[in-house]
1. With the requirement that a residue be in a helix (DSSP H, G or I) and within 14 Å of the chain's Cα centre (by Cα), what does the range 1-44 give you?
2. In the range 17-41, which residue that is under 12 Å from residue 71 (Cβ atoms) and of a type in the set (Val, Ile, Thr) is farthest from the ligand (Cβ to nearest atom)?
3. Given the options 14, 47, 53, name the one that is over 22 Å from residue 104 (Cβ atoms), without any contact (Cβ under 8 Å) to a residue 24 or more places away in the chain, within 16 Å of the ligand (Cβ to nearest atom) and of a type outside the set (Lys, Arg).
4. Does the range 45-90 hold any residues that are outside any helix (DSSP H, G or I), of a type in the set (Asp, Glu) and surrounded by 10 or more Cβ atoms within 10 Å (Cβ to Cβ), and which are they?
5. Show the residue pairs meeting these rules: Cβ distance below 7 Å; 6+ apart or different chains; first residue within the range 62-83 and of a type in the set (Ser, Thr, Tyr); second residue surrounded by 12 or more Cβ atoms within 10 Å (Cβ to Cβ).
6. Those residues that are buried (at least 16 other Cβ atoms within 10 Å of the Cβ), within 12 Å of the ligand (Cβ to nearest atom) and either aromatic (Phe, Trp, Tyr) or more than 15 Å from residue 43 (Cα to Cα) (or both), I need them from the range 91-114; list them, please.
7. Can you pull out the residues in the range 36-90 that are hydroxyl-bearing (Ser, Thr, Tyr) and either in contact with a Pro (Cβ under 7 Å, 6 or more places away or on another chain) or more than 13 Å from residue 24 (Cβ to Cβ) (or both)?
Amino acid sequence: MADCIFCKIAAGEIPSTKVYEDETVLAFKDLDPQAPTHVLIIPKEHIASAADISTENSAVVAHIFEVAAKLSRELELDNGFRIVNNCGEDGMQSVQHLHFHMLGGKKMGWPPYAEEK
Ligand code: DGP
C-alpha cells in the first residue's frame, strides 16, 4: 500500500531498528516504547487489521507467533511477555497495517483498559 507507514518500513524506505526479518515477517522496536522491551511484529504483506485475517492470509499470523516465541528467547523475556493487537477505532489501532505489540521486561498491569466498561 503506497501510503502505509509499515509497508514503507517493511520495504526499507523508512528506517527502523530491526530485531528480526525473514521473507514474510518483520519485527522492529516501537517508536514509543511502553515497556523495557517493546517490539512490533508485522506481516510484510499489507493486511489492514485483525478484522481482515482470512483463510487465505492467516498462515502469516501463525508464523508471527512462532517468531514471537523465538524472540522471547533472544530478547531474554524468560519471565514472560504480553502480545497485544489493537483492532479498529474502539481497539485504538493507530496504524492501519496488522501488527502485534510484544511487550516485556516488567510486570504488566491487568486489566489493560483504562476506561469504565
Ligand atoms: P497501534 O496503536 O496498535 O496502532 O500501535 C502503533 C504503534 O506503532 C505505536 O506504538 C507507535 C508505533 N509506530 C508508529 N509509527 C512508527 C514508526 O514510524 N516507527 C516505529 N518504529 N514505530 C512506529
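1. Pass one, the range 1-44, residues in a helix (DSSP H, G or I): 5-10.
Across the range 1-44, the qualifying residues are 5, 6, 7, 9, 10.
2. Ranking the qualifying residues of the range 17-41, first place goes to 25.
3. Details: 47 fails: without any contact (Cβ under 8 Å) to a residue 24 or more places away in the chain; 53 fails: without any contact (Cβ under 8 Å) to a residue 24 or more places away in the chain.
Checking each option against the conditions leaves just 14.
4. Residues of the range 45-90 that are outside any helix (DSSP H, G or I), as a first pass: 45-49, 53-58, 75-90.
In the following step, the residues that additionally are of a type in the set (Asp, Glu) were identified as 45, 56, 76, 78, 89-90.
If the condition is that a residue be outside any helix (DSSP H, G or I), of a type in the set (Asp, Glu) and surrounded by 10 or more Cβ atoms within 10 Å (Cβ to Cβ), then 45, 76 are the ones that fit.
5. 72/81
6. 93, 100, 103, listed by residue number.
7. Pass one, the range 36-90, residues hydroxyl-bearing (Ser, Thr, Tyr): 37, 49, 54-55, 58, 72.
Within the range 36-90, 37, 49, 54, 55, 72 meet the criteria.
Bear in mind that the values in this text are calculations on the coordinates, not laboratory data. For clarity, every value in this text was computed on a predicted model and none was experimentally measured. For neighbour counting, all protein chains shown are included, and Cβ atoms are generated from backbone atoms with ideal geometry for every residue, glycine included.
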